[in-house]
Each structure stands twice: as structure tokens, then as C-alpha cells.
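The values are calculated or read from the model by the stated rules, or taken from the named source; none is laboratory data. Quantities reported herein were computed from a predicted structural model and do not represent experimental measurements. For neighbour counting, all protein chains shown are included, and Cβ atoms are generated from backbone atoms with ideal geometry for every residue, glycine included.
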Amino acid sequence: MSMAPLISADELKTLLAQPGGRVMVFDCSFDLADPGAGARAHAEAHLPGAVYLNLDADLSAPKTGRNGRHPLPERAAFAQRMAALGMDDDMLAVVYDRNASMYAGRPWWMLRWAGHAAVRVLDGGLQAWQAAGGAVESGPVAPRPAGHFTLRPPLVEMVDYAQLRASLGRGRRLVVDARAADRFRGENETLDPIAGHIPGAANRCFRDNLAADGRFKPAEQLRAEWTALMGGRAPSDLVQQCGSGVSACNNLLALESAGFGGALLYPGSWSEWCAQPGAPVARGA
């Protein structure tokens, strides 16, 4: 049985209070418009001992102009980075942000991509932690000794540009775009050079997975909403994408929470798709 993808603030407080607990907490806060904002926010307030994971430096490979805004690093390079930060094979990783779990889903997916099943997202992020009376710290976090993090077979699946384009209009596969509706329709595009969406895609903004308090909706509600969108398809027929393979992981989190494991990620997402010569583009609803 797979590990529940979400952890409440109260449950995490209990785990962290246990002597000798094997838990490593990561702050993944970020801001696409201000890449340094996440690190500054972490320095101002973070969970005790939380290590900062930078979306650009720790969770992405260099950009080439054709591979999207946040291309995945090599699996081995990511595993080496986790070990360098102090992550061990027997640790539970807990990831969070202060951005409606927009960024925390990325390391949750990537750790499972590296074969590490013991990873959970703090439901509601830093705000939920503080609302539950959780303590925070400021300033730098002392470096940990290097850990032993073994790269194992991936526990999640993905598709690349060529595979996805070849499958368009064939079979039961459904692409689900996690961006806001206006960007999906091709309006108000400020991050990528071409506006629009992948032809045939459905739109499910990642924020639709969340309640007003920033926590994920109850599993039963997510199950009902996603069942309606899936239209009789299996979770494995779904491909989740967004602008650069980040907020799409929030949709994957919601699906897992609803009991619908097995959906695929298109990591390059729209930023890679629209950079390919001749890639088809759709606009409107």
C-alpha cells in the first residue's frame, strides 16, 4: 500500500517530537516572478531544521531553449543532490511551501521518480503549520552530514514531447492542463513566448484542488470532481501538464489523495511544447 501523499500539521508535529525520528523537512517555497523570493522567505521563517530546496538550482536542469523552463535533471544527479543535503534511504521526506502547494508537489513527485516512496506534502504548507501552533525558525540552517540516498527504480511515470505528440487524438489518453483558465485559453500569457494549450487538453487549474484555507479538499470531493473530468478513463490514461512541469504535480497529488494513482506527468509541459518547431497550438476554451 502506497504512503498517503499528504501529512497534516498536527501529525508532523507529533513525528518531529519523537526522539530519534528519521524525518527530513524541505522548504520548497518559490516565486516564478522573483526567483530569489523563496530563499528570502525561508530565511525569515521556516519549520525547525527545514532545508531549502530551490526550484531552479535543486529541482531543475539547465535550460537549452527547447527543453522548457524547468527541465528535469538526470535522476542520478538529483539523487546525488539529495544525498549531499543529508537525505538517507530510511528517512521520511516532508516537503512544503507557502504557495498553495504549487511547488511542493515537484519534489514529492521527483523523490518518487528517484524510487523513494517515503515522502509526503505538508497539507496547507507553512500557513497551516503556523495556524496549528507549530514553531518556526529564522536564519540559516546548519548543514547536515552527507546522507546515503540510493537511486532505485522509479515509482511514477512520465511522457516526453515526442511520445505525447504521437499520441494526440489517438486512444483514450487525456491531457490535463493545471494552469489558470485564462492562460489555458491563450490570454494573459506572461511566462512563455506563445500563448495557448495542447490541442485536445482539458483544463483543471491546480488551485481547484484546494479548499479556501489552502488545504486540499477532502478525498471524497476530489474523487467526485476528478471522476467527472476523467469521463470513464483510468488514471493511467491521464497526462498532467502545466507551464513547466511544476503545478501539474499538484494535480497528481490531488489524484493520489483521491485514490487515483498512476497518472503520468509531462515534465516539459507548455514551455517545452510551444518551443518545438511545428508543434500544434490550440486557443480558446
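Overview of values
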read-out: Residue in the range 57-65 that is under 26 Å from G214 (Cβ atoms) and over 17 Å from the mean Cα position of the chain (by Cα) present; value: no
read-out: Residues satisfying the stated conditions in the range 201-248, i.e. of a type in the set (G, A, S), closer than 27 Å to S8 by Cα, without any contact (Cβ under 8 Å) to a residue 60 or more places away in the chain and not in a helix (DSSP H, G or I); value: A211, A212
read-out: Scan of the range 22-34 for residues that are crowded, with 23+ Cβ neighbours inside 10 Å and not acidic (D, E), ordered by number; value: F26, C28, S29, F30
read-out: Residue check, A195 farther than 20 Å from A104 by Cβ and assigned to a loop (DSSP other than H, G, I, E, B); value: yes
read-out: Residue that is surrounded by 15 or more Cβ atoms within 10 Å (Cβ to Cβ) and in contact with a Phe, Trp or Tyr (Cβ under 7 Å, 6 or more places away or on another chain), where the choices are Y103, Y52; value: Y103
read-out: Those residues of the range 15-32 which are small (G, A, S) and at pLDDT 95 or above, in sequence order; value: S29
read-out: Out of A37, A57, sole residue that is surrounded by 14 or more Cβ atoms within 10 Å (Cβ to Cβ) and free of Cβ contacts under 8 Å to residues at least 12 places away in the same chain; value: A37
read-out: Selected residue (only one of R165, R170, R179, R233 is closer than 30 Å to L126 by Cβ and not aromatic (F, W, Y)); value: R179
read-out: Criterion (in a loop (DSSP other than H, G, I, E, B) and at positive phi) met by exactly one of G133, G147; value: G133
read-out: Single match in V136, V176 (criterion: over 26 Å from A79 (Cα atoms), assigned by TED's automatic domain parsing to the domain that holds A211 and of a type in the set (V, I, T)); value: V176
read-out: Test: residue in the range 184-192 that is modelled with pLDDT of 95 or more, surrounded by 14 or more Cβ atoms within 10 Å (Cβ to Cβ), over 22 Å from P154 (Cβ atoms) and touching a strand residue (DSSP E or B) at 6+ places or on another chain (Cβ under 6 Å); value: yes
read-out: Matching residues in the range 143-169 - criterion: being exposed (fewer than 12 other Cβ atoms within 10 Å of the Cβ) and without any contact (Cβ under 8 Å) to a residue 24 or more places away in the chain; value: A162, A166
read-out: L164 vs. criteria in a loop (DSSP other than H, G, I, E, B) and either in contact with a helix residue (DSSP H, G or I) (Cβ under 7 Å, 6 or more places away or on another chain) or among the hydrophobic types (A, V, I, L, M, F, W, C) (or both); value: no
read-out: Residues of the range 11-31 classified as more than 21 Å from G105 (Cβ to Cβ) and part of a helix (DSSP H, G or I), total; value: 4
